[in-house]
Amino acid sequence: MDKKTSRRKFLQNSSLAAIGTFIGAPIVYGKNMPNGYIPVAVAEEIDPFQQFGLHPDMKVLNDRPWNIESAAHLLDDPITPADKFFIRNNGIMPEDIDVSQWTLTIDGESASQSKTYTLRDLKDKFRHHTYQLALECGGNGRSEFNPPAKGNQWSVGAIACAQWTGVRLKDILNDVGVKNDAVYVGFYGADKHLSGNPNKPAISRGVPMWKAMQDETIVAFQMNGKDIPLTHGHPLRLVVGGFPASASGKWLTRLSIRNKVHDGPKMEAPSYRVPCKPVAPGEKVADEDMCIIESMPVKSLITYPKTGAMLSKGKKLSIRGHAWAGENKVTEVQYSVDFGSTWKQCKLEAPVNRHSWQRFSADISLPATGYYEVWARAKDDQGRMQPMVLPGWNPKGYLNNACHRIAVKVK
Amino acid sequence: MPDNKDKWLKQLLWIYRAILGIIAFMVTSFFLFIVIYAVDWPSDDASIAANTRAKEEAQAAPKQDEIVDGIHVATGLKAGEGLDVVIANCTACHSAKLITQNRADKKGWKNMIVWMQETQNLWNLGTNEEVIVNYLAKNYAPEKKGRRAPLTNIKWYELED
């Protein structure tokens, strides 16, 4: 028996009756359940804070699979460190990774050949590039939707902007050879489906060719100058800034150059899709009327101060945060302290590279004692601005870019 | 003469010690052999810890099944009619935290089940389905909220500097 899986394996190999004895209650209702499942509701017996080295303010939404979110005030660093980087797993993380044996295979209908690279090959053969890339979960902000949307109920913390080092995906694709009819690149990773079925990928999404060929779309082996942490895709990960983070496949083992839109698990409706045309809240939307999310929308977050700040009258309030806009650039960030009646400009910095977030800041004087909310809204280079209420409802609760609000009191 | 007797005693003591030493060596070797070959000894600290934990949990398990303040301790699910069926069928792949985070009416819960059956290998629930959907719609029903809720759970603190 090996490590932490021993108990799971023991249970997997036991009969329902034996499991019943183990958990102290007979399993009388599992009569339709196939063998090999463990209906024990005991979480993985590891402390994620210790095991993954997380900041104590991180919030665990789900412990099997791991879904852990950050918070606005934790995201104040210009470059998000690993301990404050949200985790969105779709399946079971690979174990016992042997870096020396790790390979990446490129195949697919539109690949001129099928080719396999070792990790060493990738590092030796192609030029290395480092970019700071904003990765936001498509479902960030889901918890606010009404009627409620299905899935992990993210608040505002499923966004991070770390520094990624790797090789350009386009350099690999060109080395393999791409046929003229190529439409999409789909990824496969070493994580396993939650049902334990080894032949079923937990998630296999991808990106259209134009995105695959962008300079900043990389196959990364480092995050913030170190080996990528296990939870973020060690030892190899696709990093696609500006798109929903689910396009950035972790534990990358294979890329398929497709002659059609990739059809792996979680490419299909309703996953990571929104209604092609706006719908009323709660409306049922047919699968064929759901379109794949590409660019994430314009958004911002006040990362300082933490909500709940109290200051004495006459003191200036300095705020700062980050703004990002998917495929686009942020051109303006404004703040309001009177519930959206009037807005003032924030100072805004240029991004260090495309798809990185941009720093904003402002010094605010609050006129009198009382309860205030500081609201921030960003505008992209297409003239689109964050809404103050929720944006269009969609069945899975994606793309909530409503302006961020913090509470402040002057005494 | 006394010299000779001393020598003889010393020799006897030496032989005695030697025999003791040989016996001790044999016993130790025997145990070592058992420990190395006969027992499937855990190979590292992690597995020792896992084994101990598994044993402790096996003993603690009945306690895990307790209901405290209307909440099933092990899963965090609300106590209510159908809880057992939900635990048996809904916690095999993911933790119950995915359930307790979500809110939906009967139709919504039914849709989630159908989605898992079509795409995630969830089995046919047979007559249990109605029990499960009723439990979920009753205990995890949508709450009314507007287009934007007031800020809540604010922990006030003095802003330094």
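Structural remarks
- Residue pairs exceeding 24 angstrom between C-alpha atoms, taken from A:84/A:313; A:192/A:266; A:260/B:110: A:84/A:313; A:260/B:110.
- Summing Cβ point charges (Lys, Arg +1; Asp, Glu -1) relative to the Cα centre of segment B:67-139 gives a dipole of roughly 240 debye.
- Charge dipole of chain A (Cα centre as origin; +1 on each Lys and Arg Cβ, -1 on each Asp and Glu Cβ, all else neutral): 600 debye, rounded to the nearest 20.
- Förster-model FRET efficiency, 51 Å R0, residue A:230 and residue A:368, C-beta, rounded to 0.05: 0.50
- Of the beta bridges in chain A, as assigned by DSSP with both residues counted there, near 90 percent are antiparallel.
- Once the convex hull of all Cα atoms in chain A is built, its volume per residue stands at 170 Å³.
- Counting heavy atoms of the protein chains alone, residue A:342 has an accessible area of about 80 Å² for a 1.4 Å probe.
- Within the assembled protein chains, the solvent-accessible surface assigned to residue A:58 is about 10 Å², based on a 1.4 Å probe.
- Build a GNM of chain A with springs between Cα atoms under 10 Å apart, and of A:177, A:249, A:189 the one that fluctuates most is A:177.
- Per residue of B:147-158, other chain Cβ atoms within 10 Å of the residue Cβ number 6 on average.
- Taking 18 Å as the cut-off, the amide N atoms of segment A:215-237 that come nearer than this to a point 7 Å along the Cα-to-beta-carbon line of residue A:171 belong to A:215-228, A:236-237.
- Taken over the C-alpha atoms, segment A:99-292 has Rg and Dmax values of 17.1, 53 angstrom.
- Theoretical gain in end-to-end length, residue A:389 to residue A:260 [0.36 nm per residue, Cα-Cα removed]: 42.7 nm
- In this structure, residue A:341 and residue B:111 have a Cβ-Cβ separation that, at R0 = 41 Å, corresponds to a calculated FRET efficiency of about 0.50.
- In nm, spacing of pseudo-spin labels at residue A:312 and residue B:11 (7 Å Cα→C-beta vector): 9.9
- Spacing of the two label points (7 Å from each Cα toward its C-beta) at residue A:114 and residue A:304, in nm: 5.3
- For the peptides A:263-274, A:136-147, the ranking by packing is A:136-147, A:263-274, with the highest mean count of neighbouring Cβ atoms within 10 Å listed first.
The values are calculated or read from the model by the stated rules, or taken from the named source; none is laboratory data. Because the structure is a prediction, the values reported are computed rather than measured. With ideal geometry, Cβ positions are generated from the backbone for all residues, glycine too; neighbour counts draw on all protein chains shown. Remember, those area values only see protein heavy atoms, side chains included, never the ligands or the DNA or RNA. Shrake-Rupley method; radii C 1.70, N 1.55, O 1.52, S 1.80 Å.
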